[in-house]
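Student: Just dropping this structure here.
The values are calculated or read from the model by the stated rules, or taken from the named source; none is laboratory data. Note that the structure is a prediction, hence the values are computed from the model and not measured. Cβ atoms come from the backbone with ideal geometry, glycine included; neighbour counts cover every protein chain shown.
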Amino acid sequence: MSHPSDTRPIVVYEQLMRAYPRRFRARYGHAVAEAFALELARVRSTGSRRDLIWFWVFMLADLVASVAATRLWDMWRRVSYATGLVRGSSGFSAAFTTLIVIPVWAWSRFATDDGTHTRTVALSFCVSAVAASVSLAVSRLVSVSYNVRRIRSPRFRYASVRRAKLLAVFAKTSLGTFAAASAAELRRVRASEVFVNQAVSVAFWVSLAAALGALIVLYFALDALLRCCGRGSPADAHASF
């Protein structure tokens, strides 16, 4: 689709504005683009090429600074909200801690390896990948369950849905990281030495996945029980993020 030459700078600026967070664009995007168009028309009316160049320099510098500040504020707001969710739920805190402890253990094995324990490092990465995949599957199932309950019961706290989704996002990131790390380590050692040997068997992996899944389900079940017993959460009161 072609645009008249006098509107192309506005189209370009609107495309650059996509760097802003989506919520910011939805609320202020039209007003910012309109202000840009008005100021551009004013500068063009002077007929000065120098003023037009300085206008673009200023607007681009202002856009970069504004996007950076908005992104930082948006990230700070998300981190603050996530921290409130973690602190407001005992079950979620336990599940989140489990998802952190296992990767820390795996990376510590990698950091202390002198090149003679490649199989052990690969095994620890694979265990972390399994833990992340189980956490991802369980948290998504819990999230779906929470959404169904929320539709049926308006009093059901939205923060519970956000907790499950946040755990799913973290688990997905962890899974991608350890899947790549496992693939890299398995290039240096035979897969059979990691997945099936005297110390590790198929039963080990099945039992590990089942135990982790049961543990995370237990965390959320205990958290739901505590809420039913009347233990509230400050984060639940304002979960409109």
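Student: What single numbered condition from (1) in the same structural domain as Leu222 (by TED's automatic domain parsing); (2) in a helix (DSSP H, G or I); (3) without any contact (Cβ under 8 Å) to a residue 24 or more places away in the chain; (4) not hydrophobic (A, V, I, L, M, F, W, C) fails to hold for Asp114?
Tutor: For Asp114, the failing item is (2).
Student: Name the residues in the range 99-119 that are at pLDDT below 80 and either on the phi > 0 side of the Ramachandran plot or of a type in the set (S, T, N, Q) (or both), would you?
Tutor: Residues satisfying the conditions are Gly115, Thr116, Thr118.
Student: Of these, Val194, Val206, which one is in a helix (DSSP H, G or I), among the hydrophobic types (A, V, I, L, M, F, W, C) and modelled with pLDDT of 80 or more?
Tutor: Criteria check complete, one pass: Val206.
Student: Could you say which residue among Arg140, Arg188, Arg163 is outside any helix (DSSP H, G or I) and either of a type in the set (Gly, Ala, Ser) or modelled with pLDDT of 70 or more (or both)?
Tutor: Arg188
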